[in-house]
Amino acid sequence: MKYTRNDFKNQNSQSKKSFYVAACAVLACAAVLGTAYFQTQKTGNTGNSKLAEQPVATTAGEAAINKKWEADAQDITGNDSKQASTTMNAAKPTTAKNKKNVEVKANKKQTTARKSSKATMMSASQRTFNEEKGLSWPVKGDVLMKFSQSNNIYFKTLAQYKSNPAIEISADEGTKVIASAAGTVTEISKDDVTGTMVTTDIGSNYKITYGQLKNIKVKKGDEIKEGQLLGNVAAPTKYFSEEGSNLFFQVKENDKAVDPLLLLN
């Protein structure tokens, strides 16, 4: 077969065209692959970026919350501290004021006590006992043992005769004992023989002692009225166990015992 020049020319042209087509196809594939790779890388980077940013945001949020709590804690602590400081500062003058008030009250109390004591002394010294009017009976009962300045009173419990500086008025335990005359309570004492006693100054150098009492209703320094309740008859002491419960009733003039029966009416 015989080839002409035009045949070679056409053949060469077809080869070039095939090359260009193949090259274009390769470039197109490369472009597609590049685009796909780029998109994949971008998506991966975006996902990684989001994943990376998430902890950062969470950490930042936690930091903000912690900061808020710390701020609140500092504010609370600061307020508590300020409040405590204010309370302490307020308490100082209050305490001092209270202390001053206590001192003032104590001074007033002492002054009142002195005035009361002075008034009591004055009223006792100024009070007079009307001998003609005499004394009221402190309890209702029989005279168990009379007054005696000699050894002619028999004490059953002691089984002997001896003097008696008072009278014993028979009365049941618990019987009310009233004041025989107005006066001032000068002493409340206790003795093995006559038990608990209340002594009053009724004026004109007269004093009355009520013995074998319980449930005392007055105190030393009290101003009492005639007929006022002093206490109750107690159980007899061991020195009067055989005689039974009674009221020990003694009257003294100028500190010397006198017969109460001469004054009782």
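If you scan the range 185-211, which residues turn out to be charged (D, E, K, R) and in contact (Cβ under 8 Å) with a residue 40 or more places away in the chain?
Taking the range 185-211 first, the residues charged (D, E, K, R) are 187, 190-192, 201, 207.
If the condition is that a residue be charged (D, E, K, R) and in contact (Cβ under 8 Å) with a residue 40 or more places away in the chain, then Asp192, Asp201, Lys207 are the ones that fit.
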**Study point:** Residues (surrounded by 14 or more Cβ atoms within 10 Å (Cβ to Cβ) and either out of contact with any helix residue (DSSP H, G or I) (no Cβ under 8 Å at 6 or more places or on another chain) or of a type in the set (A, V, I, L, M) (or both)) located in the range 210-228
**Key:** Tyr210, Gly211, Leu213, Lys214, Asn215, Ile216, Lys217, Val218, Asp222, Ile224, Glu226, Gln228
Study note, to complete from the structure: Every listed condition ((1) under 19 Å from Glu131 (Cβ atoms); (2) part of a helix (DSSP H, G or I)) holds for Tyr239 save (1)
Revision key, fill the gap. Every listed condition ((1) surrounded by fewer than 17 Cβ atoms within 10 Å (Cβ to Cβ); (2) over 16 Å from Pro165 (Cβ atoms)) holds for Lys256 save (2)
Review point. Can you tell me which of Ala166, Ala182, Ala96, Ala159 is at pLDDT 90 or above, loosely packed, with under 13 Cβ neighbours inside 10 Å and hydrophobic (A, V, I, L, M, F, W, C)?
Key: Ala159
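The values are calculated or read from the model by the stated rules, or taken from the named source; none is laboratory data. If you're wondering where the values come from, they're calculated on a predicted model, not measured in any experiment. Every residue, glycine as well, gets a Cβ built from its backbone with ideal geometry; the counts of neighbours run over all protein chains shown.
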